[in-house]
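The structure appears below as structure tokens.
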Amino acid sequence: MPKHDLGLAIIVLTVLIRLLFLPLSIKAQRSQRALNIINPHIQAIKEKHKHDKTAQGVAMMALYKEHNINPIAGCIPLLIQLPILIALYQVFISGLNPQTLSILYPFIHNPGTINPLFLGFISIGIKNHFLAIVAGVLQFLQARQSMNYMKASSGAANPQMAVLNKQMLYFFPVMIIVIGWNIQAGLILYWITTTVFSIGEQLYLRRTQ
Amino acid sequence: MNLILSLIKIYRTINTWLRATQVPGLVYTPCKFHPTCSEYAELAVQKYGILRGSWKAITRILRCNPFTAGGVDYI
């Protein structure tokens, strides 16, 4: 990294990991959206064949076939992602200094100096309330964008679901700010990067749908 | 029994929120089975009790892998 900039290193690593999962992520979101769109039909079938599980199954099968729904992969991707995520958080939480890093990667030559100043003025190792708020706002924008994409043309959603949607739209951004308030700026920088990446991914999904 | 059922409910609410807003960090792959594993688990626990029901739910989750076809699968 230029000038051993730790902040840039975090951004580059985050983008690399997201790029790795990009094909899966795109596929998963398209597939989820397709499922959401036929959800009213699923509810109708459930209601219609309330007491006849066999008939319900047959109708569901026909619906899946008609709309060519073929969900991918299952839950295995989660098992691959979790270790990566946990490792990432561990590194951030245990603190980034030359000592811990040489334990982490004994095979990599110690870079010697790590510059904890991102772009020369944001210190990665301490709390940064401004970044926490930026992360929260970005999280809100990303959530709203994603929700619009996911529920697109689902027709008449029931009012209970609408209330739930409003709640969850604000829940995670507030949570991000509350958590972000008390952690190192490095972790927030990771979160901002991954959120911006998500927003870009969504823009791509919309364009190519 | 009620404890297990409410834990499943809590899981489902969080899951719905995460999926709808696509909180970054994970890729949310959609269910390949119908009903979903959480619905399946509810039905299984109600029908077979905590021990056998939970076991059936666990095997259902294990069946959610790239080597199965997925699709409609009631308890």
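The values are calculated or read from the model by the stated rules, or taken from the named source; none is laboratory data. Everything numeric in this text was worked out from a predicted model, so none of it was measured. All Cβ positions, even for glycine, are placed from backbone atoms using ideal geometry, and neighbour counts span all protein chains on display.
Numerical summary
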quantity: Complete set of residues in the stretch A:29-58 that are over 16 Å from B:LYS32 (Cβ atoms) and among the charged types (D, E, K, R); calculated: A:LYS46, A:GLU47, A:LYS48, A:LYS50, A:ASP52, A:LYS53
quantity: Scope the stretch B:1-30; condition facing chain A (nearest Cβ under 9 Å), surrounded by 14 or more Cβ atoms within 10 Å (Cβ to Cβ) and in a helix (DSSP H, G or I); matching residues; calculated: B:THR16, B:TRP17, B:LEU18, B:ARG19, B:ALA20, B:THR21
quantity: The stretch B:31-72, residues that are of a type in the set (Gly, Ala, Ser) and in a helix (DSSP H, G or I); calculated: B:SER38, B:ALA41, B:ALA44, B:GLY49, B:GLY53, B:SER54, B:ALA57
quantity: Some residue of the stretch A:89-102 being at pLDDT 70 or above, assigned to a helix (DSSP H, G or I) and within 14 Å of chain B (Cβ to nearest Cβ); calculated: yes
quantity: Residues being under 26 Å from A:MET61 (Cβ atoms) and outside any helix (DSSP H, G or I) - total across the stretch A:1-44; calculated: 1
quantity: Condition check for B:ARG52: out of contact with any strand residue (DSSP E or B) (no Cβ under 8 Å at 6 or more places or on another chain) and without any contact (Cβ under 8 Å) to a residue 24 or more places away in the chain; calculated: yes
quantity: Unique residue being at pLDDT 80 or above and closer than 25 Å to A:THR194 by Cβ when the list is B:THR13, B:THR36; calculated: B:THR13
quantity: Which listed residue, of B:CYS31, B:CYS64, is touching a strand residue (DSSP E or B) at 6+ places or on another chain (Cβ under 7 Å) and not hydroxyl-bearing (Ser, Thr, Tyr); calculated: B:CYS64
quantity: Some residue of the stretch B:57-67 being in contact with a helix residue (DSSP H, G or I) (Cβ under 9 Å, 6 or more places away or on another chain), surrounded by fewer than 18 Cβ atoms within 10 Å (Cβ to Cβ) and more than 9 Å from chain A (Cβ to nearest Cβ); calculated: yes
quantity: Hits in the stretch A:169-178 - residues which are of a type in the set (A, V, I, L, M), out of contact with any Lys or Arg (no Cβ under 8 Å at 6 or more places or on another chain), without any contact (Cβ under 8 Å) to a residue 40 or more places away in the chain and within 13 Å of chain B (Cβ to nearest Cβ); calculated: A:VAL174, A:MET175
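Residue-wise test of (1) modelled with pLDDT of 70 or more; (2) of a type outside the set (S, T, N, Q).
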position: A:LYS27; (1), (2): yes, yes
position: A:LEU63; (1), (2): yes, yes
position: A:ASN70; (1), (2): no, no
position: A:GLY112; (1), (2): no, yes
position: A:ILE122; (1), (2): yes, yes
